[in-house]
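Q: Structure incoming, see below.
Every number in this text was worked out from the coordinates using simple rules, so none of it is lab data. Keep in mind that this is a model prediction, so the values were computed, not measured. Note that each Cβ is placed from the backbone with ideal geometry, even for glycine, and that neighbours are counted across all protein chains shown.
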Amino acid sequence: MGAGANATAASALAELLLRPRYEVLPFDGIEDDLAAFLDRDVIVTVTGSPSRGLDATVELSERLAQDGWTVVPHLPARQVRDRGHLDELLDRIRDAGIRRLFVPAGDASAAEGAFDGAAELLAAMGGRRGDFDHIGITGYPESHHLIPDDETIRAMFEKAEMATEIISQICFDAGTIADWIGNVRARGTNLPIWIGLPGIVDYSKLFRITTKIGLGESARFLGHQHGWLSRLLTRRFNPDRLVRDLGATAADPEARVAGFHIYTFNEIERTERWRRQTLEDLAEA
């Protein structure tokens, strides 16, 4: 990359890092951490936890919205029992003044009720999709251990007409992400894409999560990079190289990258310190 291209990439990366999304888990203490370490111009997305249920997601989202955050609650389709439950959740989210929603299938291995996937839930929302300015769906830069590639592609087409943006799962290889975005565009899906990447997170936690949610290549990457369990337990992932390698993709207008969706795993202080330092480094570049 020449000096001009480097400057363009740095500028594009800085723009994306100025307005990221931080994904958090609805666990105790997260509100205090957000208030202490994060400015309210960062969008906060709240996951749906199968162990805690959707009430925990919506309750935290309601409180954060009341405190002035821009909030995106997750509404995992497989955790929604039926149409009545869906209407109840949508009413609460709308009444909290929240106008953004993310609809994944969810990590549950089987549906708890009427909706097996995001497409079914989005279709059931019908006209109520108009209550939201932004509706996100999941994208998969790499193969999923439970879902064949042709099915993830078909599902994206099916959902795309009912959504406004795509949020990608974690992937640790910038080339894989760039190729995936290119394939999405080549197949005619033009929704803006938020690139998913981890914050400053312990390798042991990342390895556990990527294995659990089926990101086989990413799990193997972590294992190859840090082969001994003792090292995994004592080191943290740093997204510097991944972000740097995404510079050309970020600067490509045809990629239509909306921003970075940062999976914090509630490591707010470390991740925010990294983001601010990265912005300073990019400004110097």
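Q: At 7 Å along the Cα-to-beta-carbon direction for both Arg187 and Ala35, put a label point, then send me their distance in nm to one decimal.
A: Using points 7 Å along Cα→Cβ, the separation is 4.4 nm.
Q: Evaluate the charge dipole of segment 50-135 about its Cα centre and quote only its size in Debye, nearest 20, assuming +1 on the Cβ of each Lys and Arg and -1 on the Cβ of each Asp and Glu.
A: Computed about the Cα centre, the dipole is about 160 debye.
Q: Using alpha-carbon positions, what is the distance between the centroids of segment 159-177 and segment 91-121, in Å?
A: Comparing the Cα centres of segment 159-177 and segment 91-121, I get a distance of 18 Å.
Q: Once you have the Cα-Cα distance between Arg241 and Glu284, take 0.36 nm times their residue separation minus that, and quote the gain in nm to one decimal.
A: So the extension gain works out to 13.8 nm.
Q: Listed highest first by mean packing, meaning other Cβ atoms within 10 Å per residue, what order do 116-122, 183-189 come in?
A: The densest-packed peptide leads the list: 116-122, 183-189.
Q: Oh, and also: Which order, highest average first, do 190-199, 48-57 follow once you tally other Cβ atoms within 10 Å for each residue and take the mean per peptide?
A: Numbers: 190-199: 21.9, 48-57: 16.9.
Ranking the peptides 190-199, 48-57 by packing returns 190-199, 48-57.
Q: Under a point spin-label approximation (7 Å from Cα along Cα-to-Cβ), what is the Asp87-Arg128 distance to one decimal in nm?
A: 0.8 nm
Q: Under the rule of at least 5 residues apart or a separate chain, name every residue whose amide H is placed under 5 Å from the amide H of Gly139.
A: The answer is Ile167, Ser168, Gln169.
Q: Around Arg235, which amide H atoms from residues at least 5 apart in sequence, or from another chain, sit under 5 Å from its own amide H, with H modelled in the peptide plane?
A: Close amide H contacts, sequence-distant or interchain: Tyr203, Ser204.
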